[in-house]
Amino acid sequence: MITVHHLEKSQSIRILWLLEELGVDYLIQHYKRDKKTLLAPPELRKLHRVGTSPIITDDDVVLPESNAIFQYILDKHGNKGLVPQPGSAERVRYLYWLHAAQGSIVPLMYMQLVFSRLKGRVPWPLKPAMKMVDAQTNKSFLQPKLNNILAQIESDLSESTWFAGEQFSVADIAMGYCLEVAEVRCGMDARYPNAQSYLSRMRARPAYKKAQEKNGVFEPLGK
Ligand SMILES: N[C@@H](CCC(=O)N[C@@H](CS)C(=O)NCC(=O)O)C(=O)O
């Protein structure tokens with residue numbers, strides 16, 4: 001049986017969500033972030049040297065990386081309609097959002113978080129300089145890039161109920177986490193009404209609620 005090595009307040013929530021959507025039984029091993037650094041505990045590095053979450057184990061298999069884990073689970077348990085057919089327009093949107101989530105959006109959000117948190121970590125004489133670097137990096141690079149993506153999210157969600165089309169898909173699981181974070185720390189506010197109503201729709205899904213029961217109410221890390 002698959003065990004999800006699940007770090008609190010992390011993108012690992014998506015793996016629980018996918019398994020719940022598929023109705024697959026699984027085990028969870030919970031891990032807490034270090035209170036000061038917010039990093040994962042060393043136990044995760046004993047499983048796999050990258051030491052990040054999610055990681056799944058399944059007999060001899062040890063696999064980190066969210067999208068690799070999605071694919072492993074789909075290979076093993078079937079996609080039960082959560083992946084659009086190759087050759088369809090929905091498949092193209094599916095591929096875009098599935099990969100944009102991990103390839104573009106999460107790295108930008110992560111950089112924003114690191115710069116913002118560094119302000120509080122540097123010795124006090126460096127704080128004003130660090131504050132300036134954070135503000136400048138955010139203003140001239142990170143937030144404009146995130147705004148472009150938020151605009152595309154808003155546009156796509158004005159055309160369809162879910163990211164790939166009218167059918168809920170694994171791209172929604174990948175993107176759902178990004179929207180939870182974007183609402184808390186990347187400016188995805190009332191200017192994005194389609195994204196806001198998408199969040200309500202997604203939070204109402206029974207499988208997402210079950211994942212939250214196992215995780216505890218999902219709260220992304222704040223700035
Ligand atoms: N590219 C990896 C990123 C994994 C990752 O960075 N996870 C974060 C949680 S959201 C983590 O483990 N952070 C704690 C740490 O880096 O020590 C994936 O898609 O799974």
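Filtering region 75-98 to residues that are surrounded by 14 or more Cβ atoms within 10 Å (Cβ to Cβ) and not β-branched (Val, Ile, Thr) leaves His77, Asn79, Leu82, Pro84, Glu90, Arg91, Arg93, Tyr94, Leu95, Tyr96, Trp97, Leu98. Would you be able to say whether some residue in region 109-119 is among the aromatic types (Phe, Trp, Tyr) and either more than 16 Å from the ligand (Cβ to nearest atom) or not assigned by TED's automatic domain parsing to the domain that holds Arg33 (or both)? So far as region 109-119 goes, yes, one or more of its residues are among the aromatic types (Phe, Trp, Tyr) and either more than 16 Å from the ligand (Cβ to nearest atom) or not assigned by TED's automatic domain parsing to the domain that holds Arg33 (or both).
Residues checked against (1) more than 9 Å from the ligand (Cβ to nearest atom); (2) closer than 20 Å to Gly176 by Cβ; (3) free of Cβ contacts under 8 Å to residues at least 60 places away in the same chain; (4) surrounded by fewer than 22 Cβ atoms within 10 Å (Cβ to Cβ):
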| position | (1), (2), (3), (4) |
| --- | --- |
| Thr3 | yes, no, yes, yes |
| Leu18 | yes, yes, no, no |
| Leu22 | yes, yes, no, yes |
| Asp25 | yes, no, yes, yes |
| Ile28 | yes, yes, no, yes |
| Asp34 | no, no, yes, yes |
| Thr37 | no, no, yes, yes |
| Pro42 | yes, no, yes, yes |
| Leu63 | yes, no, yes, yes |
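Of the residues making up region 128-179, just one is assigned to a helix (DSSP H, G or I), among the aromatic types (Phe, Trp, Tyr) and closer than 30 Å to Gly23 by Cβ, namely Tyr177.
Leu98 meets each of the listed conditions (1) more than 16 Å from the ligand (Cβ to nearest atom); (2) more than 20 Å from Gly222 (Cα to Cα); (3) of a type outside the set (D, E, K, R) apart from (1).
Residues in region 136-157 that are in contact with a helix residue (DSSP H, G or I) (Cβ under 9 Å, 6 or more places away or on another chain) and of a type in the set (A, V, I, L, M, F, W, C): Phe141, Leu142, Leu146, Ile149, Leu150, Ile153, Leu157. Here the condition is being at positive phi and free of Cβ contacts under 8 Å to residues at least 40 places away in the same chain; of Gly103, Gly78, Gly87, it holds for Gly87 alone.
Given the structure, is Ile56 touching a Phe, Trp or Tyr at 6+ places or on another chain (Cβ under 8 Å), within 16 Å of the ligand (Cβ to nearest atom), within 21 Å of Tyr177 (Cβ to Cβ) and among the β-branched types (Val, Ile, Thr)? The answer is yes for Ile56. Considering each of Arg91, Arg14 in turn, give the residue that is in a helix (DSSP H, G or I), under 26 Å from Trp162 (Cβ atoms) and more than 16 Å from the ligand (Cβ to nearest atom). Exactly one residue qualifies, and that residue is Arg91.
Given the criteria under 21 Å from Leu179 (Cβ atoms), of a type in the set (Ser, Thr, Tyr) and outside the structural domain of Ser155 (by TED's automatic domain parsing), does Ser104 qualify? Answer is no for this residue. When region 33-67 is filtered for residues that are in contact with a helix residue (DSSP H, G or I) (Cβ under 7 Å, 6 or more places away or on another chain) and in a helix (DSSP H, G or I), the ones remaining, listed by number, are Ser66, Asn67.
The values are calculated or read from the model by the stated rules, or taken from the named source; none is laboratory data. Since the structure is predicted, the reported quantities are computational estimates derived from the model, not experimental observations. Neighbour counts are summed over all protein chains in view; Cβ atoms, including those assigned to glycine, are modelled from backbone coordinates with ideal geometry.
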